[in-house]
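J.: I have a structure I would like to understand better, so I am pasting it below and will then ask my questions one at a time.
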Amino acid sequence: MAANGSPRNKRSYNSRRMIQSAIIHAVLLLFVFIALFPIYLMFNAALKTSRELFQSFLTLPTDPQWQNFGFILNEQGYKGALYNSLILSTSSMILTTVISVLAGYGFAVYRFIGKQWLFLLVLTGLMVSETSVLIPVYQLLQDLGLLNTYGGMILPQAALGLTFGVFLMTTFFKDIPRALIDAAVVDGGSDLQVLRHVIMPLARPAIMSLALIEFMWAWNSFFFPLVIATKQWLMPMSVRIIDFMGRFTFRYDMIAATTVILFTPILILYLVTQRSFHRGITFGALKD
Amino acid sequence: MTRFNVRPYIYIAPALIYLGIWIFYPILNALVLSFFDSPTGRSRDYFWVGIENYIKLLQDDLFLKSLYHNIIWVLLSIALPVVLGLLLAVLLSGRGRTRLVYASIFFIPHTVAAVCAAIVWRWIYDPSIGPLNWLLETVGLTGRPWLADESIVLIAVNMIGSWSYYGFCVLIFMAGLQNISPELYDAAKIDGAGALQQFFYVTIPLLRNAITFVLVYTIIGSMKFFDLIFVATNGGPNEASTVVGLRIYWHSMREGRFNYAATMSTILTVVILVLSVAVIRQIVTEDEED
């Protein structure tokens, strides 16, 4: 395009375009740097001795301290916390996803009295936060004897993502062509058969997105577990980290290693399933 | 169609019951609790105090300060990550597959737990051995005790929040931009619109849904946030970064003043509702005027 001998004004137009594009690239790369640099520092710090870290945090570790992770998981007993995180996230993910799929099916496929109002009621749940419901939830768990139990940690956590789940599933299911469902019904399919054989296969990517997001939320969750799981054996990783900071003040190498342990599973999950993540997060936001 | 069908209710019942137990009942219960007090914090010792808790709250300087900090946080989050997210999304539009690569990278900080982010940034901000001051001093600027300086601590913590949030905004706006047909821009160009005019008269109006969503989401997130500030500063120094979430946690879990904390929860819920509805109505009304 910018061949030699092109008219002068075209050349200046092209060079302006090039400068513009260079600036845009520079800005984008700056934000790539901002996004990744703290994460680089975190991994880097986790693999250094505190002495080497003190000398320089920029250079790669000369002698990577992989045993930092073993020390934290085994000797400091954080393996249990990792296990608790896994139980919390998996259970609340399954609970939220199953309930959301059922409700999404009900809202998207049927017409019934009070549908708009009930859907609106569900949506108001989006505006409710952990901090708003803390005290009643805490007292309810106390009355049920569920403080410091897995159940007590999982049940309210699952509720936090449920509104989002119902909303996401409803919008997704609405996109499935009516004709497909009607055809299945005419063929004598029962509700559950329609759900299993028509909706589920088409909605599998959507359900996958929801499950991943719910898993991440529960894995990273902090507030409810902090309040509900006050016994060390029950604490998930996100809460145990705090107690670690108290014991190893200024041992940034060790502290960084615990954050790496908490973060890495989610990072891998995200890198492997990016498209699913993105679909789930953007879909709900942009449907009218 | 007119025949009453019980099946949809069966499908939505689990969700409604579940939300009822863990979300709606607690919200109403917090409202009820706010009109009572209890010397022991136990429900059997409740006695009616009317609006006394609310009067105390209005005189509680620390609470008012925390609410003020939450509002500042909303404004900072709109000014930084939301605006930045919009600009980056616009810069990314029109470049093919690399767009997705950039968006994916920007989103990575959002997958870092707030607790983790707070811990890592506490170190980055550390005045004596942290990387930030070292970097600043290397280029000839003076460092500061970011998280120990009352005048900047809220902004410093918000930077951590912004770091993990801008990628989320990019993703939403990018998806919104995809729905705008390129012909509209062509038409605008033919009408002689420059880049800025295209941005304000084509992009912004057509991104209305995405903008509403992000603003409401930002308000809700900013009013309720807790993890980040709890780990980064725990409200310090001298309560210069305290927020409502911290006050609720402190009064209930540390002091056992459940009714007082429940009053704060109720006010928080009302503020979130009012702000969200205000934003939604503002934008929807503009829509109708067009």
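J.: Once R0 is set to 45 Å, what does the formula 1/(1 + (r/R0)^6) return for the Cβ-Cβ distance between A:W117 and B:L100, expressed as a FRET efficiency to the nearest 0.05? Intermediate values should be presented prior to the final figure.
T.: Numbers: r = 39 Å, r/R0 = 0.87.
Approximately 0.70, to the nearest 0.05.
J.: Report relative contact order for chain A in percent, whole number only (criteria: Cα-Cα under 8 Å, sequence separation at least 6). List each step's numbers first, then the result.
T.: On the way: 264 pairs, mean separation 84.1, N = 288.
The normalised contact order for chain A reaches 29 percent.
J.: What trypsin sites (Lys or Arg not before Pro) does the stretch A:42-134 have in DSSP loop regions with at most 11 other beta carbons within 10 Å? Numbers along the way, then the final one.
T.: Details: sites: A:K48, A:R51, A:K79, A:R111, A:K115; in loops: A:K48, A:R111.
Of the trypsin sites (Lys or Arg not before Pro), the ones in loops of the stretch A:42-134 whose Cβ has at most 11 other Cβ atoms within 10 Å are A:R111.
J.: Just going by the charge dipole of the protein assembly as shown, with Lys and Arg at +1 and Asp and Glu at -1 on Cβ, which of B:N209, B:G20, B:P39 is farthest out on the positive end?
T.: B:N209
J.: Related question: Charges on Cβ only, +1 for Lys and Arg, -1 for Asp and Glu, centred on the Cα centroid of chain A; of A:G125, A:N84, A:L140, which one is farthest towards the dipole's positive end?
T.: Looking along the dipole axis, the top candidate is A:G125.
J.: Okay, moving on. When a/c reaches 1.5 or more, the comparison of a/b and b/c decides; with that in mind, is the stretch B:145-290 rounded, prolate or oblate per its Cα gyration tensor? All intermediate terms of the calculation are to be shown ahead of the outcome.
T.: On the way: a/c = 3.52, a/b = 2.03, b/c = 1.73.
Verdict is prolate for the stretch B:145-290.
J.: Under the rule of -39500 (n - 2.57) per DSSP H run of 4 or more residues, summed and divided by the residues of chain B, what mean residue ellipticity at 222 nm is obtained, to the nearest 500 deg cm²/dmol? Provide the component values of the computation, followed by the final result.
T.: Working: 15 runs with 190 residues, N = 290.
It lands at -20500 deg cm²/dmol.
J.: Shielding of B:220-228 by partners, i.e. mean partner chain Cβ atoms within 10 Å per residue? Can you show the working numbers first?
T.: Values: counts 4, 1, 0, 4, 7, 4, 7, 7, 1.
Whole-number average of other-chain Cβ neighbours for B:220-228 is 4.
J.: Along the positive direction of the dipole of the stretch B:68-199 (beta-carbon charges: Lys, Arg +1; Asp, Glu -1; about the Cα centre), which of B:I129, B:A188, B:V153 reaches farthest?
T.: B:A188
J.: Using a 10 Å cut-off on Cβ to Cβ distances, tally the other chain neighbours for every residue of A:109-118 and report the average as a whole number.
T.: Average per residue, whole number: 4.
J.: Non-local amide H neighbours of B:F36 (under 5 Å, H modeled in plane, Pro and chain starts lacking H): which ones?
T.: B:V49
J.: Roughly speaking, what is the stretch gain from A:V186 to A:Y110, that is 0.36 nm per residue apart minus the C-alpha to C-alpha distance, in nm to one decimal? The partial results should precede the final answer.
T.: Details: separation 76, 0.36 × 76 = 27.36 nm, distance 1.55 nm.
25.8 nm is the gain from fully extending A:V186 to A:Y110.
J.: Can you compute the FRET efficiency between B:L206 and A:T273 using 1/(1 + (r/R0)^6), with r the Cβ-Cβ distance and R0 = 35 Å? Round to the nearest 0.05. Spell out each step's value before the answer.
T.: Values: r = 30 Å, r/R0 = 0.85.
So, using R0 = 35 Å, E works out to roughly 0.75.
J.: Only four residue types carry charge here, +1 at the Cβ of Lys and Arg and -1 at the Cβ of Asp and Glu. Report the dipole size of the protein assembly as shown about the Cα centre in Debye, rounded to the nearest 20. Before the final figure, lay out each step's value.
T.: Details: 39 positive and 33 negative charges, 249 e Å.
In total the dipole reaches around 1200 debye.
J.: Please list 3J(HN,Hα) in residue order for the stretch A:213-227, calculated via the Karplus relation 6.51 cos²θ - 1.76 cosθ + 1.60 where θ = phi - 60°; whole Hz, with x for glycine and proline.
T.: Along the stretch A:213-227, the couplings run 5, 4, 4, 4, 4, 5, 5, 8, 5, 9, 5, 4, x, 4, 7 Hz.
J.: Report, in order of residue number, the helices in chain B meeting two criteria: a C-alpha extent of 27 Å or more along the helix axis, and a mean Kyte-Doolittle hydropathy of at least 0.0; treat each whole DSSP H run as one helix. Don't skip to the end; give the middle numbers.
T.: Numbers: long enough: B:153-178 (38 Å, 1.53); B:258-289 (46 Å, 1.05).
Flagged H segments are B:153-178, B:258-289.
J.: For chain A, what is the charge dipole size about the Cα centre, in debye to the nearest 20, if Lys and Arg each add +1 at the Cβ and Asp and Glu each add -1 at the Cβ? Please list the in-between numbers first.
T.: Details: 21 positive and 13 negative charges, 247 e Å.
The dipole magnitude comes to about 1180 debye.
J.: Using only atoms on other chains, find how many Cβ atoms lie within 10 Å of each Cβ of peptide B:31-37 and report the average. Please list the in-between numbers first.
T.: Details: counts 1, 1, 3, 1, 0, 0, 0.
Mean shielding by partner chains, rounded to a whole number: 1.
J.: Hey, quick one: spin label on B:Y25, modelled 7 Å out along Cα-Cβ, who in the stretch A:103-136 has an amide N within reach, i.e. under 15 Å?
T.: Output list for this probe position: A:133-136.
J.: Roughly how big is the stretch B:116-255's charge dipole about its Cα centre, with Cβ charges of +1 (Lys, Arg) and -1 (Asp, Glu), in debye to the nearest 20?
T.: Numbers: 7 positive and 10 negative charges, 48 e Å.
Charge dipole, the stretch B:116-255, about its Cα centre: 220 debye, nearest 20.
J.: Once fully extended, how much extra length lies between B:L135 and B:A79, figured as 0.36 nm per residue of separation less the alpha-carbon to alpha-carbon distance?
T.: Numbers: separation 56, 0.36 × 56 = 20.16 nm, distance 2.52 nm.
Contour length minus Cα-Cα distance gives 17.6 nm.
J.: Still on this structure, please answer the following. List the aspartates and glutamates whose alpha-carbon lies under 19 Å from that of A:K174, not counting same-chain residues fewer than 8 positions away?
T.: A:D182, A:D191, A:D288
J.: I need the shape label for chain A. Rule: rounded when a/c is under 1.5, else prolate if a/b > b/c, else oblate, with a, b, c from the alpha carbon gyration tensor. Mind dumping the intermediate values first?
T.: Numbers: a/c = 2.42, a/b = 1.09, b/c = 2.23.
Oblate shape, in that a/c is at least 1.5 and b/c is the bigger or equal ratio.
J.: Cut-off under 15 Å on the C-alpha distance; same-chain residues fewer than 8 positions from A:K79 excluded. Which aspartates and glutamates are left, in chain and number order?
T.: Hits, sequence-local ones excluded: A:D243.
J.: Oh, and also: Full extension from B:N179 to B:T142: what is 0.36 nm times the residue separation minus their Cα-Cα distance, to one decimal in nm? Walk me through the numbers on the way to the answer.
T.: Numbers: separation 37, 0.36 × 37 = 13.32 nm, distance 4.59 nm.
Taking B:N179 through B:T142 to full extension adds about 8.7 nm, to one decimal.
J.: Okay, moving on. Give the shape of chain B as rounded, prolate or oblate, defined through the alpha-carbon gyration tensor: a ≥ b ≥ c are the square roots of its eigenvalues, a/c under 1.5 means rounded, and otherwise the shape is prolate if a/b is larger than b/c and oblate if not.
T.: It is oblate, given that a/c is not under 1.5 and a/b is not larger than b/c.
J.: Short version: ³J(HN,Hα) in whole Hz for each residue of the stretch A:148-158, in order, from phi by Karplus 6.51 cos²θ - 1.76 cosθ + 1.60 (θ = phi - 60°), x for Gly and Pro, what are they?
T.: Calculated HN-Hα couplings, in order: 6, 10, 4, x, x, 7, 7, 4, x, 4, 4 Hz.
J.: As a quick test, which of the pairs A:K231/B:K56; B:K56/B:K224; A:K48/B:K65 have an alpha carbon distance above 30 angstrom in this structure?
T.: Numbers: A:K231/B:K56 34 Å; B:K56/B:K224 21 Å; A:K48/B:K65 41 Å.
Beyond 30 Å: A:K231/B:K56; A:K48/B:K65.
Each value in this text was obtained by applying a stated rule to the coordinates, not by laboratory testing. Quantities reported herein were computed from a predicted structural model and do not represent experimental measurements. Because the Cβ atoms are built from the backbone with ideal geometry, glycine has one as well, and the counts that use them run over all protein chains shown.
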